[in-house]
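Contents: one structure, followed by commentary.
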Amino acid sequence: MISPLFNQLLIPFLTAIFLAINMGGSGTAPSFSAAYGANILKKSVIPGLFGIMVFAGALIAGKATATTMGKGILQPDMMTFTIVTIVLFSVAIALFIANLLGIPQSTSQATVLSVTGPAVYFEVLNKQKLFVEIIPTWFILPVVSFIICYLIGKYVYIPIRKTGIFTFRNITKHPVLKLLVIVMSCYVAFAIGSNNVANASGPIASMIMNELGIEDDGKNRILIMILATLIIAPSFGIGSSFFGHKIVKQTGKGIFLFGPIEAIIISFITASLLLLASIVKGIPSSLVQLNTAAIVGIGVSRLGFKNIFRKTAVNKFFAVWIIAPIFAFLFSLFLTYLADILDLLHYH
């Protein structure tokens, strides 16, 4: 006979896996859109590489962000199976809609605002963490990404190209540069693992500790987060297989047609900024937005502001970026209210 506890834990875990599949679809774009846009990698190879590197990033560098998602915004003792299911389901639906539209979405922003829903409902929101640390980072990092790539594009890359020291055709065929683009794509996927897997594993870890009555002494939390990661991280590769191609094509080919040099710059800058946010502060951040800001920065340095916005899908991206996190927050808030009315919320 299956215990009630198993049933209680199964539903949030299945929801987390569904969320991870959708995050995998959305996260494929910032990882491999550069390599795909530069015609270096075939779409069939991308999901496997992506899944392996996400898994490695989550295990090696994901602790701080998972802790933030598990207890930094909402009190950990309130992370019951009902609340966690509501939070993860709200994000999953928001991302699922974005994936169907073929638009890469900020999984971290949607998850943070989804966790904020119950926190606001019960008036226990950690305002310091949300408004002083997390949200300002969301605005600052994409601007930094844009500025760095714009400056590199305008004052380093373009002048070197104009000298005629190398031709674009030779660069595209150069095996070392191709390998470097692939390495940088894997580096981005590693950064995603360090940040985005925590969106699911952080709340799941707090829930398990609550439901099983395990003391949060640091070591226990790390162990449970590792176990949660072992289940959740592989689902990113599955999501990449289902949704990745459409989103990669939209970002890699739809925003700006670029070559291997631009791809290396974009991948290195965006992944480094995300890893910095993950390791130093444990702040869930949007690699999708960092990546797009970097691509636009390179594009603007070559085409100008007017052309990059007139000729590409950037405007549509901005609309969905705003709508999806707000939807996740409102849906999570509504489901928490509904669960409270139905007397489904029980926390210690």
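For the range 179-187, backbone phi angles converted through the Karplus equation (6.51, -1.76, 1.60; θ = phi - 60°) give residue-by-residue couplings of 4, 5, 4, 5, 4, 5, 5, 5, 4 Hz, Gly and Pro being listed as x. Near the amide H of residue 80, within less than 5 Å, lie no amide hydrogens of residues on another chain or at least 5 residues away, with H placed in the peptide plane. Exceedance of the 30 Å cut-off in Cα-Cα distance is limited, within the set 219/281; 63/127; 129/219; 71/178; 178/219, to 71/178; 178/219. Taking packing as the residue-averaged number of other Cβ atoms within 10 angstrom, the listed peptides 121-127, 188-194 run from highest to lowest as 188-194, 121-127. Peptide packing for 332-344, 106-118, 56-68 was compared via the average number of neighbouring C-beta atoms within 10 Å per residue; ordered from the highest value, the list is 106-118, 56-68, 332-344. The phi-based Karplus calculation (6.51 cos²θ - 1.76 cosθ + 1.60; θ = phi - 60°) puts the 3J(HN,Hα) values of the range 269-283 at 5, 5, 5, 5, 5, 5, 4, 4, 5, 5, 7, 6, 10, x, 9 Hz, whole numbers, x for Gly and Pro. Peptides 89-100, 9-20, ordered by how many other C-beta atoms sit within 10 Å of their residues on average, highest first, read 89-100, 9-20.
Since every read-out is calculated from the coordinates, none of them should be taken as a lab result. These numbers were taken from a predicted model, which means no experiment stands behind them. Here the Cβ is made from the backbone with ideal geometry for all residues, glycine too, and neighbour counts use every protein chain on show.
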